[in-house]
1. Normalised by the residues of the chain, what does the relative contact order come to in percent, with Cα pairs under 8 Å and at least six apart?
2. By the scheme Lys and Arg +1, Asp and Glu -1, what is the net charge of all other residues having a beta-carbon under 14 Å from that of residue 75?
3. Work out the length of the dipole vector of the chain about its Cα centre, built from +1 on the beta-carbon of each Lys and Arg and -1 on the beta-carbon of each Asp and Glu, and round it to the nearest 20 debye.
4. Would you mind computing, in nm to one decimal, how far apart the modelled labels at residue 6 and residue 122 are, each placed 7 Å from Cα along Cα→Cβ?
5. Residues with amide H under 5 Å of residue 14's amide H, sequence separation 5 or more or different chain, H placed in the peptide plane at 1.01 Å from N; which?
6. Nearest-5 percent of antiparallel DSSP beta bridges in the chain?
7. Between helix 39-50 and the chain, what is the angle of the helix's C-alpha long axis to the longest principal axis, kept within 0 to 90° and rounded to the nearest 10?
8. Each residue of segment 191-196 in order: what ³J(HN,Hα) in whole Hz does its phi give by Karplus 6.51 cos²θ - 1.76 cosθ + 1.60, θ = phi - 60°, with x for Gly and Pro?
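Values quoted throughout were computed directly from the atomic coordinates according to the rules given, and no laboratory measurement underlies them. Remember, it's a predicted structure, so these values are computed and weren't measured experimentally. Glycine gets a Cβ as well: all are built from the backbone with ideal geometry, and neighbour counts include every protein chain shown.
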Amino acid sequence: VEAALADGPLAGKRVLVTSGPTHEPIDPVRYIANRSSGAQGTAIARALSALGAEVVFVTGPADVAPPEGVEVVRVETAQEMLEAVQSALPVEAAVFAAAVADWRVASASTSKMKKTKGGLPVLEFTENPDILATISQMDKGRPALVVGFAAETDDVIDNATAKRTRKGCDWIVANDVSHETGIMGGKDNDITLISQEGAEDWPRMSKEDVARRLAERIAQALT
Ligand code: CTP
Ligand code: CA
């Protein structure tokens with residue numbers, strides 16, 4: 001357990017972290033989810049707090065418990081996450097580690113869907129708001145440092161580099177979430193930090209170590 005440093009490099013700085021999956025309802029008892037455990041986002045929030053930051057932690061329904069000593073805002077859907085993020089502003093840095101559902105069911109049913117209605121259900125989807133892009137492209141009150149993640153299974157660096165430019169964030173933490181890497185839901189991470197200066201490969205290390213190293217980089221960037 002790390003104690004927050006009252007005189008740490010991030011003391012007096014307010015930062016935001018999104019984490020975990022989102023759940024998108026199909027009907028009152030069913031939802032669409034993904035394999036994010038929330039481990040990496042939680043470790044980042046903890047590491048930022050340990051450097052003295054005032055952390056707002058916006059989390060979907062994650063497997064791991066949120067860190068102690070941070071302001072926790074629990075949400076379910078992508079739309080709720082966007083609203084919670086906007087309410088938390090202004091912040092000096094924002095890290096978008098959540099695995100936000102790209103799509104939601106266009107009109108979730110308010111009553112439980114029944115087999116007896118005949119035929120198979122057909123779900124129609126609509127796109128969720130892109131929280132990272134929305135915040136990265138704010139005209140007024142944009143955080144000084146916006147960090148996104150890129151979960152990729154193919155052409156990781158090329159896709160993540162393009163994602164950074166397209167969304168307008170400052171840094172992208174790229175990781176290969178192919179099933180065999182064991183990263184999504186696992187203990188370790190193997191990331192490449194992409195900024196305007198280029199791509200920096202980090203060795204495979206625990207998600208806690210990735211978090212500590214990233215928090216230190218954020219502290220350097222903000223001072
Ligand atoms: N993200 C977000 N809101 C969304 C989708 C993604 O804020 N609706 C954020 C994630 O938190 C992450 C980054 O955008 O920081 C990239 O997420 P990713 O799923 O890799 O990228 P997408 O733009 O959704 O593209 P795709 O899934 O098609 O690769
Ligand atoms: Ca996505």
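1. Details: 479 pairs, mean separation 45.1, N = 223.
20 percent.
2. Working: positive: 74, 104; negative: 24, 71, 76, 80, 83.
Counting the neighbours of residue 75, the net charge comes to -3.
3. Working: 23 positive and 32 negative charges, 146 e Å.
Rounded to the nearest 20 debye, it is 700 debye.
4. 6.4
5. Counting only residues 5 or more places away or on other chains, the set is 54, 92.
6. Numbers: 16 of 41 bridges.
Expressed as a percentage, antiparallel bridges in the chain total about 40.
7. Helix 39-50 sits at roughly 30 degrees to that axis.
8. So the J values, rounded to whole Hz, are 10, 10, 8, 10, 10, 4.
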